[in-house]
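Undergrad: The following block contains the structure, expressed as structure tokens.
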């Protein structure tokens, strides 16, 4: 029983080191893990460059397996020390952690290893775990809240974009036709998106005078309506800086910053009691 | 007479189902219609892709006619149940609904069916009907009001863009000339728009040193003045977030800040009692 | 003397019609002039399109001379009826009006008429005269004031852009070299501007791995720092919507909209007496 | 000793002229230096243009040496008159000043002079010294503060961009493959950055239908999320416009709104008496 108690204590300590960052050991663990994750992503990338793969195939292979084994051990350890293993396994991070280790094993049985590159790229999502615990969380959630509050406005905006590019894509298909690369309506819509978003590859570009005229209109439209999502998010973020609309009991002033504790006009406390 | 009454009741119920979405039956009708509309737009698109048209011509033909008949029946039904049929027929949505059904019939008598693709693409506008009734309306009208309030500022901005591209287009026509693709002033203006809006196809690009220098200036100009429409819309949206639309009982003014207790125009209390 | 008086009255009436728009006759004159100006700009443009010039040379020639004579007569008339002719002649609009008429006469003595196209394009500036008097003035001056207030911040921003593109241009010249189109530092700077402003023609694009890596950094930089001028102008425009910082004598509240006449908190008049 | 005193006075005067701009002599010195710096940057640029170097090699050589000698003398003078020479030498500007003079001497012993062009381009940083003292400082520091306050939010944004382009780059590498220019994951990531930032060179562009569909999604994503950094900076700048930096005497808090009369943290009066 003494033994079990000791095990339990070890488990708890390990849990804290692995799942939290507020202890020095936890921080060290997370930073080490972060570096391994970045290295693992780098290995996937370099593996896709033909010249590097040809020259360093053994080194990449060794790195791949070393990382996979580290990730596997870490995954097993996380399951062992977590108070509710099944909760961890089916959590977002649990799945990502599994996906980070799995592809290399699968590759043993499959020929086209490079099809696993995307799944291996999912490893990068692991980095979020570390960031989740840092000072970036506040900033991240501020952005997330602003976007969430603006969701319906942004949906309307995207929906309008969607209709505009379909109508203009169809129109350009008729005006330009297959001779200038507008071989079908979907491809014309692709061109309309390339143009409206001001990307402008130039792989397809209008050749007729009328086509160039309409293209000009879309460009100016795209250039101007970028103001809409920008305006939505800017206004929302400005509003969030000012969310404390507690009315001061003395002077009635309501225009306080979100972190204000006292009324800026009369110095009265803004606490609600 | 009993019969007529029954007819009237049926007509009213059908009217509610078709024209409103606040009943379960109305919602179901609208969602079904939305799916048919999206399918109809998809059919038009796929029909324009040569490989798909060649392989699935019969299927597309069948889908086209099925959708057309559904739209025709729906259009007739809308006329029958509407309390003021002529009001519906000449409304914006009435015309769109007619245009959604008509092209297929017209194609029976005309050879070049693909010229009807654009009109058929107008079907997408039908989707607005459904959105009109949903929670997107508020967001949509907020954007619309912000744009309307900014209308004169945006007009001045677009007008300035218009003058800038004409002057720069003319200038580049002289500097670069036909050798580098600047074959005429309208084409040079097209290039100026492509550049100022930061689209940058690359189908026409300056070849001379002076031309590249002037092009650089336009790019930086275009990159900077995007701030103007963005600033206009952002400021307007920020202002709208702080505005309540309580109507002053004395002067009728409606544009008050959200925390205002008294009308800014006449000093009258805005409290609703 | 009676005759002179009558002349004077005529002169005054004509002056009002030509220089002001607040009478029906003045409005009619301005709208007519606006149309002639737009036609004159159109003629210059069409004249530059080879196919159109070849086919309609006589028509364009006739239109050019008709417009020139109208502009000449209008210019003379403006001088005759203006109370201080020399003041008009040397004003901004006086010079533009002269430049609008002159090029066609100069072309009589010069061979390369197309070099006058740019000067003729200056005619478009004439349109400002009409807009100056309309409701657009307020919006235009609001934008102008916002830009003026942001002048020093925007200068710092442009100056930073200027340094960034020179440093990066020099760097890319060394990395990519003449083989990939980076033939000189000025050309590399041109490329850096094309990239930073997100125009991206593709006439010059990095070919080496290091070059593409650095290019990626500039793109993300350019994509992010667009937020700076936008933020400057947005904040300035938001501030302008709120410029009336009169402190209410009763409650001390200072947060009023620019057109507020009464305090929003206590209904007290904000007039300064 | 009299002599030493005179030397000291001279040294102090020279120090003021060289290191400060608030005297007429100091201003003249700075403006002259600014012009020499700009000329020196121009010489580096022109030297990289093959045609100009071939024709004016002697002139450029002479200009290069003249500027180098001026910079050398200025550097020595700055060391001599500065009260704490070593502090100046190891300051940011001290290093820049040294780097501005050094490359030409190094080029005496090295063949490939053009590799020094970038270091010579660093001379441009010298211009900051002059701007540091002018009215641009306020504007510059306002921008700097806004960016600093937004640092964590912008980091989260950039980090998200980083993950998005890696995932999409990996995905496109699989979909498009080497045939359409997506030869490796790093190159696909380069393409994803080119697309997401709306630069759109067109040196690599998707050829398959699925690739074009995914590309469309990234473009719309890139077009929309530009709103995020813009919103962050706009909101921050709007907040700064409303902030005075009066320091509360009790709690030391400095971040108050411009119309605040009492500290928002402790309710203490902010009046300065």
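Undergrad: Can you sort A:65, A:191 from fewest to most other Cβ atoms within 10 Å of each residue's own Cβ? Please list the in-between numbers first.
TA: Details: A:65 11, A:191 29.
So the residues, fewest neighbours to most, are A:65, A:191.
Undergrad: Here's something else I'd like to know. For a quick size check, give me the Cα extents of the stretch D:39-93 along its three principal axes, largest first, whole Å.
TA: Principal-axis extents of the Cα atoms in the stretch D:39-93, largest first: 46, 18, 12 Å.
Undergrad: Going 7 Å from Cα along the Cα-Cβ axis for the label, what nanometre distances separate residue C:160 from the same residue across the other copies?
TA: Distances to the matching label points in the other copies: 2.1, 2.1, 3.0 nm.
Undergrad: Given 5 Å bins starting at zero, what is the percent of C-alpha pairs of the stretch C:161-233 in each, up to the one with the largest pair distance?
TA: Over the stretch C:161-233, the share of Cα pairs per 5 Å bin runs 3, 18, 30, 26, 12, 6, 4, 1, 0 percent.
Undergrad: When the Cα centres of the stretch A:6-72 and the stretch D:20-88 are compared, how far apart do they sit, in Å?
TA: 51
Undergrad: Residue by residue through A:49-59, how many Cβ atoms from other chains fall within 10 Å of the Cβ on average? Before the final figure, lay out each step's value.
TA: Values: counts 6, 3, 3, 2, 1, 0, 0, 0, 0, 0, 0.
Mean partner shielding for this stretch: 1.
Undergrad: Per residue of D:173-181, count partner chain C-beta atoms within 10 Å of its C-beta, then hand back the mean as an integer. If you can, show how the numbers build up before the last one.
TA: On the way: counts 6, 8, 1, 0, 1, 2, 0, 0, 0.
Going residue by residue through D:173-181 and averaging, the value is 2.
Undergrad: Taking each label point as 7 Å beyond Cα in the direction of the beta carbon, state the distances from residue B:77 to the same residue in the other copies, shortest first, in nm.
TA: 6.4, 6.4, 9.0
Undergrad: If I take R0 = 35 Å and measure r between the Cβ atoms of residue A:79 and residue A:51 in this structure, what FRET efficiency does the formula 1/(1 + (r/R0)^6) give, to the nearest 0.05? Present the calculation step by step, with values, prior to reporting the outcome.
TA: Details: r = 40 Å, r/R0 = 1.14.
My answer for the efficiency is 0.30.
Undergrad: Still on this model: Averaged across the residues of C:33-44, what count of C-beta atoms belonging to other chains lies within 10 Å of each residue's C-beta?
TA: Numbers: counts 0, 0, 0, 0, 0, 0, 0, 0, 4, 1, 0, 3.
For this peptide, the per-residue mean of nearby foreign Cβ atoms is 1.
Undergrad: Given q = 0.13, 0.19 Å⁻¹, what are the Debye log10 I(q)/I(0) values for the stretch B:1-87, with equal point scatterers placed on the Cα positions and solvent ignored?
TA: -0.57, -0.90
Undergrad: Let me ask something additional. Mind listing the label-point distances from residue C:240 to the same position on all other copies, shortest first, one decimal in nm, points 7 Å along Cα→Cβ?
TA: Distances between equivalent label points, in nm: 1.9, 2.0, 2.7.
Where a number appears in this text, it was derived from the coordinates with a stated rule and is not lab data. Not measured: the values here are computed from a predicted model. All Cβ positions, glycine included, derive from the backbone under ideal geometry; neighbour counts span all protein chains shown.
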